Amino acid sequence: MPFSLRTATNHPHPTSWNLLELKESTKPINQKPILRRVVTFSSLRTSLDCVPDGGVDKSSRPTSPIRLPFVVKSSTKVSRFFWNGNCLQIVSVDGAAASSEVGLDDRLLRLCGSFVRDFFIPRQVTGNYVDYVKWKLLHRVFSSALQVLATQAMFMAIGIGYSSSLPSAAALNWVLKDGLGRLSRCIYTASLASAFDTNLKRVRFTTSVLFVASIGLELLTPAFPRCFLLLATIANISKQISLACYLATRSAVHQSFAIGDNLGEISAKAQIQTVCFDILGLMLAALVNLWMENHQRQQAGVHYFIYPFFAAMDLLGIYQGLHHVHLQTLTKDRLEIILNTWIEGGYVPSPAEVSEKEGINFLGAKGKNLWPIRIGCLNPKDQIPKWSMKTIQCITNEDYYFVCMEIYKGLKRTVQPRILLSIREGAEPVHIIMGLLQACYIRRKLVKSSIWEIGVMESNASDSTAEDWSVIVEDCKRYAERDLSNLIEQLLGMGWVVKSILLSTQEQTRYSFVCD
């Protein structure tokens, strides 16, 4: 509601606006401010004539209030301040809301929309957060409904009456997490600790599929009551593993949406979203149960028809939601995508571009690229060509990494070459970036030359091959040194976290230089 605040003053305005001199008020100086309604202005123009020095021409008297040079924005409106000589007025100027002709229904709709947004969405988040919440709504609603229906089926399998199953499922859904499931969760978390950082999306979606499959096992318990304990135990272990992954990756997902240090606000809003969406899921399960109660003849086996649709909607929500998660942390795969783009296009891609290229990689089957790059240490099971071994023997105390060639056996027992980047103990993230950039430059040269595909398989290569390899390594090292500073600057400019590189357990293996 527009209002004006009357203040008692008999001196010129202190700012540089040179406001008009006011007539001396006959009212007491200590008069209390009074509140009175004002008309909302549809036009913000004034009839003041400003002099060149920024003042006001005193020869003319104002016919409309003076517009102050700022606005105040809130979630529902944009307000502007006016000074009419002795009163301060606040006027709504945000388009349709500033017009007195706006209907009550439109204003209520705007107000409700603003309330819902402020209730669910943090104030400072990235632009892809709203899309993520939309898919989260789909996921949580159907996931919650599936859990209730599955627990209801389990109670039916052990003999609890149908009519009392739904309230029991809602109350005892968490009680079924027994000690064996919790122990499995601890083992799983300990074995895949680094994978939660390096393969967050793949692990998150894989465990979500496992969670949906566990609900399917619970729905099978009424059909196989004698196997109730076995099915329920396996399902509970799967749920605990999925819960462990969700808890381990939740903070990283929230951090990807944060602008500044408002991670606490985002986490709080996420809890509100989860509770509200789960309530909608409970309501959906209640509607399904009500329909089943009114159609007793179709009751048998109806869960098996509902499950595929609900499970598909659940996984669709998770899959699409993860596509809107743009992680700013650097892993080996993300950094390799960035460096390939840098070499080919001369720029650093944004987290959104890398997220689109990275995908979820559900089955863990990466693209079949020629000359793949591995970060780690030498493996005795893999063959190292003699001409590549000579470059390893030349490393010094000043080197924080070395690049060599190795030959390994693929899944089909076929012999394939790849590039090995081995990191020294005490190396900084900048050394890892430089080493991987050099390896990417080497791969680019090798791909353009088909001779290396044949020569790398030869156990006894000529001395010229060793010399050519040494030249390639040194040239690519100069390229990497040349690009490093500009690359780091652009990485920081695009919002990437360069202070650390997240590597898997195998990729964290380091070597120590020994001078014999």
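The values are calculated or read from the model by the stated rules, or taken from the named source; none is laboratory data. Just so we're clear, the structure is a prediction, and the values are computed from it rather than from any experiment. Counting neighbours? That spans all protein chains shown, and the Cβs are built from the backbone with ideal geometry, glycine included. These area figures cover heavy atoms from the full protein model, side chains too; ligands, DNA and RNA do not enter into them. Shrake-Rupley method; radii C 1.70, N 1.55, O 1.52, S 1.80 Å.
Going through the cross-link list Lys239/Lys332; Lys201/Lys390; Lys332/Lys386; Lys201/Lys269; Lys357/Lys445; Lys201/Lys409, which pairs have a Cα-Cα distance over 32 Å in this structure? Before the final figure, lay out the partial values.
On the way: Lys239/Lys332 30 Å; Lys201/Lys390 40 Å; Lys332/Lys386 27 Å; Lys201/Lys269 21 Å; Lys357/Lys445 23 Å; Lys201/Lys409 28 Å.
Cα-Cα > 32 Å for Lys201/Lys390; rest within.
List, in order, the whole-Hz ³J(HN,Hα) value for each residue of the range 371-382 obtained from phi through the Karplus relation with A = 6.51, B = -1.76, C = 1.60 and θ = phi - 60°; use x for Gly and Pro.
With coefficients 6.51, -1.76 and 1.60, one gets 6, x, 10, 10, 9, x, 10, 4, 10, x, 6, 9 Hz.
If you count only protein heavy atoms and use a 1.4 Å probe, how large is the accessible surface of Leu370, to the nearest 10 Å²?
Rounded to the nearest 10, that gives 100 Å².
From the backbone phi of the range 502-508, what are the Karplus-calculated ³J(HN,Hα) couplings (6.51 cos²θ - 1.76 cosθ + 1.60, θ = phi - 60°) in whole Hz, Gly and Pro given as x?
7, 10, 6, 4, 5, 6, 7
Any idea of Leu109's accessible area? Nearest 10 Å², probe 1.4 Å.
Accessible area, nearest 10 Å²: 120 Å².
What is the spin-label model distance, in nm, from Arg250 to Val71 if the labels are put 7 Å beyond Cα along the C-beta direction?
Each label point is offset 7 Å from its Cα along the Cβ direction, giving 3.9 nm.
So, counting K/R as plus one and D/E as minus one, what does the shell of residues with Cβ under 10 Å around Leu146 add up to?
Working: positive: none; negative: Glu218, Asp314.
So the environment of Leu146 carries a net charge of -2.
How would Glu344, Glu358 line up by accessible area, probe 1.4 Å, largest first?
Details: Glu344 130, Glu358 50 Å².
Result, largest first: Glu344, Glu358.
Quote the accessible area belonging to Ile373 in square angstrom, nearest 10, computed with a 1.4 Å probe and with ligands, DNA and RNA left uncounted.
Here the residue's solvent-accessible area equals roughly 10 Å².
Where does the range 240-279 land on the Kirkwood hydrodynamic radius, alpha-carbon pairs, in angstrom? Before the final figure, lay out each step's value.
Details: mean 1/r = 0.0912 Å⁻¹.
By the Kirkwood definition, the hydrodynamic radius is 11.0 Å.
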